[in-house]
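> Before anything else, here's the structure in question.
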Amino acid sequence: MQPQDIPDRSPFIFSDILDYKNLREIVVNNNISWLVHYSAVLSAVGESNVALAKEVNITGLHNILDIATEHGLRVFVPSTIGAFGPSSPKDPTPDLCVQRPRTIYGVSKVHAELMGEYYHHRYGLDFRCLRYPGIISADSQPGGGTTDYAVQIFHAAVKTGCFECNLRSDTRLPMMYIDDCLRATLEILEAPADTLISRTYNINAMSFTPHSLTQEIQKVLPDLKVTYNVDPVRQSIADGWPMVLEDSAARRDWGWKHEYDLPELVQTMLTHINTGNQVAQAY
Ligand code: VAH
């Protein structure tokens, strides 16, 4: 990188979601107006460290809600298909239904939804929340979730042609490509407040199983070999999750519409990963 390429100031600031005082300083010193709160310990890794998940997902959320209320900020907090549990309807899962998740991740996300709604009605906080499906991106490695297989399989398909899947081949889960996820997040953040009848909305794009995802990838990479070595923790979590999110309220209230279905997802992911590998080899 040439000297003139070095930015005079990074657009990023390191902060600890549990350091309330430092977070307030960042908000005030940088004239922050919207808080998009992605800090969380995900489903599978949360079950192996419940204490950490409680700290980050619950205490961290409280810090965000209190700072946003104190400074009149707009807040976005993602929820997840993990906020539903075995007693929720699965196909489809509506916005409003029984939510009895069996992971600390899911419990903390239901807590986030309820606390955000309470702060909105009690203090007027502009709280907005979307229940994300499993999000698939080529740019970042998965972070200990139950849907991680749906990212790892693409890298393995390109790199080695072999993949060992840790969920049963018939495990059907809602999934979404990262570009749809980020666009939905921007659209709800920019939606006029009076169009939002709810604080929390389901958004859906596609649902697939490891088997159907494999078949779609094999249309491009016919030699891909997938074997199965089921992780009982992740399988138990996935078995309690929705198969399809019902998202008519998001489509009605703020015009949500997904753009990536399974074929487009596979083409885009493989193109990104191949391009990334070519760039890496070029240096
Ligand atoms: C997880 N990827 O698997 C996350 C997500 C839809 C689940 O929240 O834990």
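> Restricting to region 132-170, give me the number of residues that are in contact with a strand residue (DSSP E or B) (Cβ under 7 Å, 6 or more places away or on another chain), aliphatic (A, V, I, L, M) and within 12 Å of the ligand (Cβ to nearest atom).
Result for region 132-170: 4.
> When you check Thr69 against the structure, is it modelled with pLDDT of 95 or more, at negative phi, away from the ligand (no atom under 16 Å from the Cβ) and in contact with a helix residue (DSSP H, G or I) (Cβ under 7 Å, 6 or more places away or on another chain), yes or no?
Answer is yes for this residue.
> Another one. Out of region 49-94, which residues are touching a His at 6+ places or on another chain (Cβ under 9 Å) and of a type in the set (Phe, Trp, Tyr)?
Scanning region 49-94 gives a single hit, Phe76.
> Taking the conditions exactly as written (of a type in the set (D, E, K, R) and without any contact (Cβ under 8 Å) to a residue 60 or more places away in the chain), does Arg251 satisfy them or not?
It is true that Arg251 is of a type in the set (D, E, K, R) and without any contact (Cβ under 8 Å) to a residue 60 or more places away in the chain.
> Taking region 14-68, which residues are among the polar types (S, T, N, Q), within 19 Å of the chain's Cα centre (by Cα) and surrounded by fewer than 19 Cβ atoms within 10 Å (Cβ to Cβ)?
Correct list: Ser39 only.
> If you don't mind, another one. Would a scan of region 84-96 turn up a residue that is within 16 Å of the chain's Cα centre (by Cα) and either basic (Lys, Arg) or part of a loop (DSSP other than H, G, I, E, B) (or both)?
yes
> What pairs come out if I take residues in region 134-153 that are at positive phi and pair them with residues that are near the ligand (Cβ under 9 Å from one of its atoms) and part of a loop (DSSP other than H, G, I, E, B) whose C-beta lies under 6 Å away, six or more apart or interchain?
Note: pairs meeting the criteria are Gly144/Leu42.
> I've got another one for you. Across region 69-87, which residue is nearest to Ser198 (Cα to Cα) among those that are surrounded by fewer than 19 Cβ atoms within 10 Å (Cβ to Cβ) and out of contact with any Leu (no Cβ under 8 Å at 6 or more places or on another chain)?
Gly72
> Do we find a residue being surrounded by fewer than 20 Cβ atoms within 10 Å (Cβ to Cβ), under 30 Å from Ile104 (Cα atoms) and not charged (D, E, K, R) anywhere in region 266-279?
The answer is no; no qualifying residue exists.
> Does region 237-247 contain at least one residue that is crowded, with 17+ Cβ neighbours inside 10 Å, among the aromatic types (Phe, Trp, Tyr) and in contact (Cβ under 8 Å) with a residue 24 or more places away in the chain?
yes
> Filter region 121-131 for residues that are of a type in the set (A, V, I, L, M) and either part of a loop (DSSP other than H, G, I, E, B) or within 7 Å of the ligand (Cβ to nearest atom) (or both) and give the result.
Listed by number, the list holds a single entry, Leu125.
> For a quick check of your reading: which strands (runs of 3 or more DSSP E) sit entirely within region 156-228 and have at least 2 residues that are exposed (fewer than 15 other Cβ atoms within 10 Å of the Cβ)? Can you show your working first?
Details: elements: 162-165, 173-177, 200-202, 206-208, 225-228.
So the answer is 162-165, 225-228.
> Can you pull out every residue in region 142-155 that is modelled with pLDDT of 95 or more and assigned to a loop (DSSP other than H, G, I, E, B)? If you could, list the steps in order and put the result at the bottom.
Start the filter on region 142-155 by keeping residues that are modelled with pLDDT of 95 or more, which leaves 146-155.
Once the filter is applied, which keeps residues that are modelled with pLDDT of 95 or more and assigned to a loop (DSSP other than H, G, I, E, B), region 142-155 yields Thr146, Thr147, Asp148.
> Another one. Just to be sure, is Asp126 charged (D, E, K, R) and closer than 24 Å to Asn277 by Cα?
Spelling it out, it is not the case that Asp126 is charged (D, E, K, R) and closer than 24 Å to Asn277 by Cα.
> Something else now. Would you mind stating whether Thr271 is without any contact (Cβ under 8 Å) to a residue 40 or more places away in the chain and either touching a Lys or Arg at 6+ places or on another chain (Cβ under 9 Å) or outside any strand (DSSP E or B) (or both)?
Against the criterion (without any contact (Cβ under 8 Å) to a residue 40 or more places away in the chain and either touching a Lys or Arg at 6+ places or on another chain (Cβ under 9 Å) or outside any strand (DSSP E or B) (or both)), Thr271 qualifies.
> Can you list residue pairs whose Cβ atoms sit under 8 Å apart, with the first residue in region 75-88 being on the phi > 0 side of the Ramachandran plot and the second being within 13 Å of the ligand (Cβ to nearest atom) and of a type in the set (Gly, Ala, Ser)? Count only pairs 6 or more apart in sequence or on different chains.
Hits for this filter: zero, empty list.
The values are calculated or read from the model by the stated rules, or taken from the named source; none is laboratory data. Small disclaimer: the values here were computed from a predicted structure and weren't measured. Neighbour counts are summed over all protein chains in view; Cβ atoms, including those assigned to glycine, are modelled from backbone coordinates with ideal geometry.
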